[in-house]
Amino acid sequence: MNEVIATYRLFDQKGAFEKKAEGIALGLTIGSWTDLPLLEQEQLKQHKGHVLSVQETGEETVYGRGAEVKIAYPAANFSADLPAILVTVFGKLSLDGAVQLVDLSLSDDLARRFPGPKFGVEGIREQTGAYGRPLLMSIFKGVIGRDMAYMEEQLRAQIAGGIDIVKDDEILFDNPLTPFEERVKLGKRVIEQSGRKALYAVNLSGRTSELKEKAYRGIELGASAFLFNVFAYGLDVLQELAEDPKISVPIMAHPAVSGAFTSAPYHGFSTELMLGKLVRMAGADFTLFPSPYGSVALERSAALQTAEMALQTSVHKPTFPVPSAGIHPGLVPVLYEDFGKDSIINAGGGVHGHPSGAEGGGRAFRQAIDAVLAGRTLEQAAEENEELRVALDLWGSK
Ligand code: 1AE
């Protein structure tokens, strides 16, 4: 069936969930807050939303009892784009009390109208030459107010430390000291000189109307990937970039601003829907999200479900999950246990804060990854790996 099924968490003091669900199914489709005399017309019925299930969850909250409700919305009601779908299933409803949109399920026909990642997990492995292990990513840090020479030093150290992908900090925008074009050229030159297969994700920033031209220019100059603050722009902007054949490099979705939509316990979107399923549909090759144990921690179940939605079988290629924030080498075993081989270990402070600098930080991470893959403890590996030992002394392990 060509439809979208929305799953909600509803909360109600009286527990009148059936009535509430019917009200949503009608109100978001053919109905209104008051009786409409012509509502019964036959041609309107095919546009009505249908309540598929209502199940109490047993939750007792400040907003009353909780229930999970599924409602199907006919595809005839909306155009095949995320703005139309999101307004249909959660438009005014998102403003109407304690209700959370947990999941969206699209028929395959409809899902195929969205691009999904151009490269996905396998494509990124080919581009980095990294197989059989989680990839290692790091982030330029402390670059604001510094010049290209400083960036070059940081980039060389990160690449020499064995890092597969280096990304801009999401807060680094176009500026006179480190302009977009110069950063792209630097990335290309340093990576080529290293002889390694690595990627540099430059922050594609600026006004929405200028993004495509900027991306084309970046690609002309040798950009190998783009970082994109998708939640500051909107998912449809990501989709516009991802489905453009001339934007022939991977796109990395950064979660900045997403917490404003996802972090409330009884309102907004679920994290896994936004950062797992929807960014993948819209075309992100990587999705960054807070890990459960770093400096900006996400609840473990939400982080795991985000990774699952990024990777699960679908009509689209899988998106690389990147659990991030406050990551250091001592967390590699737990990251590997939770997120497995098809994930990316991403660290800014945990690379640059290493007493031997970013090169030592990179090495410490690679030593930790090798140890975990070999079934050894970090403490065992640290006996013969100095950089790892120093990192564990500084940050400990989990
Ligand atoms: C959740 C995104 C993490 C990110 O972009 C970032 O800059 C992390 O930095 P560190 O690793 O916490 O220093």
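The values are calculated or read from the model by the stated rules, or taken from the named source; none is laboratory data. These numbers come from a predicted model, not from an experiment. Methodologically, a virtual Cβ is constructed for each residue, glycine included, from the backbone with ideal geometry; neighbour enumeration extends over all protein chains shown. For accessibility, only protein heavy atoms count, side chains too; no ligands or nucleic acids. Shrake-Rupley method; radii C 1.70, N 1.55, O 1.52, S 1.80 Å.
Numbers below:
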{"quantity": "Residue within region 125-137 that is within 16 Å of the ligand (Cβ to nearest atom) and without any contact (Cβ under 8 Å) to a residue 40 or more places away in the chain present", "calculated": "no"}
{"quantity": "Test: residue in region 74-82 that is under 15 Å from Tyr8 (Cβ atoms) and among the small types (Gly, Ala, Ser)", "calculated": "no"}
{"quantity": "Scan of region 290-313 for residues that are of a type in the set (S, T, N, Q) and open to solvent by 60 Å² or more (accessible area, probe 1.4 Å), ordered by number", "calculated": "Ser295, Gln305, Gln312, Thr313"}
{"quantity": "Selection from region 88-123 of residues that are closer than 30 Å to Gly326 by Cα and open to solvent by less than 10 Å² (accessible area, probe 1.4 Å)", "calculated": "Leu101, Gly116, Pro117, Gly120, Val121"}
{"quantity": "Subset of region 124-142 [within 19 Å of His254 (Cα to Cα) and surrounded by fewer than 20 Cβ atoms within 10 Å (Cβ to Cβ)]", "calculated": "Lys141, Gly142"}
{"quantity": "Criterion violated by Ala201 - all others in (1) over 20 Å from the mean Cα position of the chain (by Cα); (2) among the hydrophobic types (A, V, I, L, M, F, W, C); (3) within 16 Å of the ligand (Cβ to nearest atom) satisfied", "calculated": "(1)"}
{"quantity": "Residues of region 304-352 classified as within 10 Å of the ligand (Cβ to nearest atom) and small (Gly, Ala, Ser), total", "calculated": "7"}
{"quantity": "Filter pass, Ala232 being over 21 Å from Gly116 (Cβ atoms) and either assigned by TED's automatic domain parsing to the domain that holds Phe289 or part of a loop (DSSP other than H, G, I, E, B) (or both)", "calculated": "yes"}
{"quantity": "Residue satisfying condition, being assigned by TED's automatic domain parsing to the domain that holds Thr377, more than 18 Å from Leu104 (Cα to Cα) and part of a loop (DSSP other than H, G, I, E, B), within set Pro323, Pro318, Pro292", "calculated": "Pro292"}
{"quantity": "Tabulated pairs, region 167-188, first closer than 13 Å to Arg146 by Cα, second open to solvent by 10 Å² or more (accessible area, probe 1.4 Å) and in a helix (DSSP H, G or I), C-beta under 8 angstrom, 6+ apart or interchain", "calculated": "Leu177/Met148; Thr178/Met148; Arg183/Met148"}
{"quantity": "Residue check, Ala382 modelled with pLDDT of 95 or more, over 24 Å from Leu288 (Cβ atoms) and more than 12 Å from the ligand (Cβ to nearest atom)", "calculated": "yes"}
{"quantity": "Matching residues, region 160-198, being within 16 Å of the ligand (Cβ to nearest atom), among the β-branched types (Val, Ile, Thr) and open to solvent by 10 Å² or more (accessible area, probe 1.4 Å)", "calculated": "Ile171"}
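Let's see how each residue does on (1) modelled with pLDDT under 95; (2) over 30 Å from Val237 (Cβ atoms):
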site: Val4; (1), (2): no, no
site: Gly27; (1), (2): yes, no
site: Gly31; (1), (2): yes, yes
site: Leu39; (1), (2): yes, yes
site: Ala84; (1), (2): no, no
site: Asp103; (1), (2): no, no
site: Asp108; (1), (2): yes, no
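One line per residue, one yes/no per condition, for (1) assigned to a loop (DSSP other than H, G, I, E, B); (2) open to solvent by 30 Å² or more (accessible area, probe 1.4 Å); (3) out of contact with any Leu (no Cβ under 7 Å at 6 or more places or on another chain):
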residue: Asp342; (1), (2), (3): yes, yes, no
residue: Ile345; (1), (2), (3): no, no, no
residue: Val351; (1), (2), (3): no, no, yes
residue: Glu359; (1), (2), (3): no, yes, yes
residue: Ala368; (1), (2), (3): no, no, no
residue: Gly375; (1), (2), (3): yes, yes, yes
